[in-house]
Amino acid sequence: MAQQHGIIVLVDVNNALKERSLDGNAYWFDNMKFLGSTGEGTEKLTTIVPGAYFLDGSQATEQVLNWLPAALGSVPPTVPRNYLAEQARHTDQEALQGIAELAPADEAELGRIREQAGRRARRSHSSRSLVTSKVLDATGQVAGANAADTYNYPTPVITDITGPAVTEKIIYPAQYGSPDMTYDGWYWAATVDTSRPGVYAYTMHIQLHELVSRDDELVWEPVDLTCESYLKVITDPKRNAFTGAGLGVLPLPAFPPIS
Amino acid sequence: MPPRPKPTQPAARPLTITAVVDPVAALASGNLDENLYLYDTNRTVGSTGFGTPELRTRVRKGDVLLWNVIPLECETFVALADIDIDRRVADPVRKVYPGTDIVFFTATVKRDLTGPIGYRLSFLLGGVAEPFTPEASPLLVGPDTKES
């Protein structure tokens, strides 16, 4: 199988929420620059997809694409998958311990514990994300009294992939579950029909989350936006990145190396 | 039992500078500059050079800066190793997100800048012990610095 393409869309969530638009607020990447992808790190990424044959002339397998979103200015996606839940549990335990040690009617100390426990936000019914509702800030600490100004933007959520590449049946996107360690177990992937060369646009539907105060309560409000990217299917043969040739056995040494 | 410190609550989000790194391409080619994309959260205030290793971040005295890393392939290790900057401008401190070993650096801008101040980021990639430092240098620019 050829190497899978990873496509990352990095969203400037703060500006996107302010402007209610992803124009100028989404930066695209893939790991195929060495094959000829253009516009890495910009709004205008064209992902290269080599064609239907391997270098040795044999028929290639279909190309697989994976999409992953990330938020600029947030806790990065490299923290463990259950990070939000772990932080919520940990700070709750600390707060409970604080209450247990509390002298009666110590108002100052109660205020301190309240800050330490942080604030919780309710989840809107149409929201598609957020493992836990405890509000963290951009450094991974619980966000207290200033939560509305300091909260960590949750990772954007891809809700759909549409556009010419889909309607013309060049890609077949779908959301999959996986034991992936860093992206909450869900990701969007597609297979590409590499037999029809050309440039095809697709639209990514992305849901951001804004923390709003309503009826004296914090609520995660979903905001749905879209942005566009491109696939360029070419006729160049696929290569095995190890051997530079087609599919086949890897060049193993004639005898096992001595360790 | 000694009194515990009151948790400090920041009033605003830090100005985040994020390095997006393609670690596999950087290790394969030995060239980090072509596989490093810098961004910050201050575009509307006047930062420029987005998506290049020469990001110019517009700062003011008192801004809290936060540097972190997003790898293009989450299976490959990338971490910010160090920040080399004039300590009279900012004094970055290495921290980790609580309960993890994921590193970020923070610093407060100590004064308003009259000219651009270059600084150097270095990174640990994969299993290589020696940090990688890009040739290109990102900049902090002051509120009144004229862009050419």
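Just the residues that are in contact with a helix residue (DSSP H, G or I) (Cβ under 6 Å, 6 or more places away or on another chain) and not charged (D, E, K, R), please, taken from the stretch B:18-40.
First, the residues of the stretch B:18-40 that are in contact with a helix residue (DSSP H, G or I) (Cβ under 6 Å, 6 or more places away or on another chain): B:22, B:25-26, B:32, B:35.
Matches in the stretch B:18-40: B:Ala25, B:Ala26, B:Leu32, B:Asn35.
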I'd like to know if the stretch B:68-83 contains one or more residues that are within 12 Å of the chain's Cα centre (by Cα) and either within 24 Å of B:Gly115 (Cα to Cα) or of a type in the set (Asp, Glu) (or both). yes
Being among the basic types (Lys, Arg) and without any contact (Cβ under 8 Å) to a residue 12 or more places away in the chain is the filter here; which residues of the stretch A:32-63 pass it? A:Lys33
For A:Thr243, indicate whether it is over 23 Å from the mean Cα position of the chain (by Cα) and either at pLDDT 85 or above or of a type outside the set (D, E, K, R) (or both). yes
Kindly list the number of the only condition in (1) touching a strand residue (DSSP E or B) at 6+ places or on another chain (Cβ under 7 Å); (2) under 30 Å from B:Thr100 (Cα atoms) that fails for A:Val49. (2)
Within the stretch B:18-35, residues more than 9 Å from every other protein chain (Cβ to nearest Cβ) and either at negative phi or touching a His at 6+ places or on another chain (Cβ under 9 Å) (or both) come out as B:Ala19, B:Val21, B:Pro23, B:Ala26, B:Leu27, B:Asn31, B:Leu32, B:Asp33
Taking the stretch A:157-179 and the residues there that are assigned to a loop (DSSP other than H, G, I, E, B) and modelled with pLDDT under 90, the one that is surrounded by the fewest Cβ atoms within 10 Å (Cβ to Cβ) would be A:Pro179
Qualifying strands (runs of 3 or more DSSP E) (wholly inside the stretch A:1-104; at least 1 residues being within 11 Å of another protein chain (Cβ to nearest Cβ)): A:5-11, A:26-30, A:63-71
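The values are calculated or read from the model by the stated rules, or taken from the named source; none is laboratory data. Model, not experiment: these values are computed from the prediction. Here Cβ is always computed from backbone atoms with ideal geometry, including for glycine, and neighbour counts include all displayed protein chains.
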